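K.L.:
Take a look at the following structure, please.
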Amino acid sequence: MYISDVSGHRSAAEAIEKEIKRLEPDSEILNINAFRYTNPISEKVINSIYMGVIKKAPQVWDYLYDNPRVVKRLEKIKEAIHKTNSIKLKTLFDKFRPDAVICTQAFPCGMVADYKEIYRSNILLMAVLTDYAPHAYWVYDTVDYYITPCQDVSGRLTEKGVAPEKIKPFGIPFDSKFNAEVKKEAVIKKLKLNPDLPTILIMGGGHGLGPIKTIVKSLETVKQGFQEVIVAGANKKLYNSLKRKIKKYKKNILLFGFVDDIHELMSIADIIITKPGGITTAEALAKGLPMVIVHPIPGQEVSNTNYLIEKGAAVKIDKAEEISSVIEDFLVHPHKLRQFSGAALGISKPNASVDVAKLILNV
């Protein structure tokens, strides 16, 4: 179960589903947007409000995110919503009769946790955290297992009262195609890129968020030669704006909208400039990609950024206009790129999806 069709939560759920099917082809899996199933009208409204807050007033999200006072005030509202949703879940579960429910987002996890308590169900419930931020909205007594990105997050969950035996630090699940070997020369040739120039991948998640236009403008001042691959995602406004300006830029730029071959683009990149969503982070770490992060979203992305910086796998830029100096430093001192790449590989968890699938099938 996940929420939002264009999200890392969905990508993680689909990655786990893929591995279960590979290990147990006859398994029956129902992978659904839980928010749409239980609250189809509210889903669009709340998603729209969330995106608006993130873009225009991120400080509001920073206040709401894992704030103990907010969590306490929302408790009665949450209980009322979950009680209503539990009736809908009972209809779903009575029909599908699952042996296990896997949630890659806290909202459906809370719904199923309360369902188990209301109906005294012993259905296996697994919470899969897709960020380095174990906030309070994840914590329920009826969750059987927690899959965490790393041991650091596991420790913070135990501080919130979760029993250590329930926690498995397998990593953030992502599609196994990111672990497959990619013939870089063939991809570079296919994309008509210059094999002798460094490649910088620029993206803002599935929604194409972040100051990408400002980043591209700043990179024009870098003296060293390189080429850019930009993925605008579902952000059509960004894509159209860049497409109109692309011929005016001095640097060689390859522009994409929403794509399914990010694993290939990451394989040919030397640096990635991105927002640190959990899935993007896990994928980039598996590829050993040095990360340059600009304006992380308060809350989960700030937590992800802090973890990556602490481990020496990323650099954070506060002002997009200043990113050129960081890129120039990397290009002039390639040994720094190698250090960041090694750090990324050192904390990567490439087998997360298969480890989760095996746990589900063997419990």
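K.L.:
Quick one: which of 21/189; 18/213; 192/213 span more than 29 angstrom between C-alpha atoms?
P.N.:
21/189; 18/213
K.L.:
Right, next: Please give the contour-minus-distance gain from residue 119 to residue 166: 0.36 nm per residue of separation, less the Cα-Cα distance, rounded to one decimal in nm.
P.N.:
Gain on extension, residue 119 to residue 166, equals 14.7 nm.
K.L.:
Using 0.36 nm per residue of separation minus the Cα-Cα distance, give me the extension gain between residue 90 and residue 220 in nm, one decimal.
P.N.:
The residue 90-residue 220 span can extend by a further 41.1 nm.
K.L.:
Per residue of the chain, what 222 nm ellipticity follows from adding -39500 (n - 2.57) for every DSSP H run with n ≥ 4, rounded to the nearest 500?
P.N.:
Calculated from helices alone, the mean residue ellipticity at 222 nm is -15000 deg cm²/dmol.
K.L.:
Beyond a 31 Å Cα-Cα separation, which of these cross-linked pairs lie in this structure: 183/243; 251/287; 116/358; 250/336; 90/177?
P.N.:
Distance filter (> 31 Å) returns 90/177.
K.L.:
For residue 336 and residue 5, what does the FRET efficiency come to when R0 = 41 Å and r is the distance between their Cβ atoms, rounded to the nearest 0.05?
P.N.:
0.60
K.L.:
How many nm is it between the label spots at residue 310 and residue 184, if each spot is 7 Å from the Cα in line with the beta carbon?
P.N.:
So the label points at residue 310 and residue 184 sit 3.1 nm apart.
K.L.:
Sort by residue number and name the cysteines in the chain that have no neighbouring cysteine Cβ under 4.7 Å.
P.N.:
For the chain, the answer is 150, because their Cβ atoms have no other cysteine Cβ under 4.7 Å.
K.L.:
Highest first, please rank the peptides 121-129, 140-148 by the mean number of other Cβ atoms sitting within 10 Å of their residues.
P.N.:
Going from most to least packed, we get 121-129, 140-148.
K.L.:
Pairing the Cα long axis of helix 236-245 with the longest principal axis of the chain, what angle in degrees results, from 0 to 90 and rounded to the nearest 10?
P.N.:
Around 0 degrees separate the two axes.
Read the figures in this text as sums done on the coordinates, not as results from a lab. From a predicted model like this one, the values you see are computed outputs, not experimental measurements. Positions of Cβ are generated from backbone atoms using ideal geometry, with glycine treated the same way; all protein chains shown enter the neighbour counts.
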